[in-house]
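Below: one structure, written as structure tokens.
The values are calculated or read from the model by the stated rules, or taken from the named source; none is laboratory data. These numbers come from a predicted model, not from an experiment. Cβ placement follows ideal geometry from the backbone for every residue including glycine, while neighbour counts extend to all protein chains displayed.
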Ligand code: AVJ
């Protein structure tokens, strides 16, 4: 049986992460990068979010693949090499990537996520199910730059970016990432899931569910920061806020201070007024036309898309 290879590219040191978080906390307004949601607890809370009735993106994307999987795979195959390398961005437990194997028969699967360690377990299990497949786990924070040694990805690869995580990037940063993805495909294809603009009630409920799971996910960021930076956040003094900013076409998540309070950490402190917020996440919502245009600007030709019957979510295939 083959063995998965693991490769950690430029992991930020704890000191660098702490400095980045402190700079965000001192900003006006204060903000924190969404990547700090995903400690072990946060990853489990995100998995719970994907099962909420209000959180439609995960199951809607899965429904599009179930209904149109054959057509989507045909579109991918028309651009990629015969047994393509699949590069899975934000692969996590690798379940969505592995679901492509029967139709696309890749020669290599490259799972990319922030930590190669986190990928090790999922890839070891995957190797048992696919004993001869070439598996590679790459630890890379591609929110700053997406680049892999080209000999790993070869010509006419498939870059797979499901889950609507592109929504965390503002339009300029999304364009930059898509240009890097275009380069990485080397004449192949991009398969990407994108959440779409819809009525405000549906959007806001998806990010402020009745069970309070998303609130817990947002607040958990403060627990993570207490460990990472040594802040003294008291979670009882903060509340979850999610709102749709129509002008920017994005869901914003914030943490709002219940009362005037100080937050202290080694080397810094900040006062928060009652009602003052820390901006923790943007989740941009696109139109089909808007995202097709963005793909073209990034260098992709003739993007195609599939949606669910309500038009809530789009799956795009774009050839290089
Ligand atoms: C993982 C970025 C796709 O924006 O919907 C879910 C994260 N935040 N609920 C999203 C998230 C709150 C999610 N993405």
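Overview of results
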{"item": "Unique match (being more than 30 Å from residue 3 (Cβ to Cβ), touching a strand residue (DSSP E or B) at 6+ places or on another chain (Cβ under 6 Å), touching a residue at least 40 places away in the same chain (Cβ under 8 Å) and surrounded by 23 or more Cβ atoms within 10 Å (Cβ to Cβ)) among 207, 161", "result": "207"}
{"item": "Where residue 303 falls short, out of the listed (1) under 21 Å from residue 203 (Cβ atoms); (2) surrounded by 14 or more Cβ atoms within 10 Å (Cβ to Cβ)", "result": "(1)"}
{"item": "Residue among 146, 190 that is closer than 19 Å to residue 76 by Cα, outside any helix (DSSP H, G or I) and away from the ligand (no atom under 12 Å from the Cβ)", "result": "190"}
{"item": "Selection count where residues are part of a loop (DSSP other than H, G, I, E, B), modelled with pLDDT of 90 or more and either out of contact with any helix residue (DSSP H, G or I) (no Cβ under 7 Å at 6 or more places or on another chain) or surrounded by fewer than 16 Cβ atoms within 10 Å (Cβ to Cβ) (or both), scope the range 10-32", "result": "3"}
{"item": "Count - residues of the range 242-276 that are in contact with a strand residue (DSSP E or B) (Cβ under 7 Å, 6 or more places away or on another chain), more than 16 Å from the ligand (Cβ to nearest atom) and touching a residue at least 60 places away in the same chain (Cβ under 8 Å)", "result": "4"}
{"item": "Members of the range 210-227 found to be surrounded by 18 or more Cβ atoms within 10 Å (Cβ to Cβ) and away from the ligand (no atom under 16 Å from the Cβ), listed by number", "result": "225"}
{"item": "So residue 92, is it at positive phi and within 12 Å of the ligand (Cβ to nearest atom)", "result": "yes"}
{"item": "Entirely in the range 198-310, the helices (runs of 4 or more DSSP H) that have 3 or more residues that are closer than 30 Å to residue 15 by Cα", "result": "213-228"}
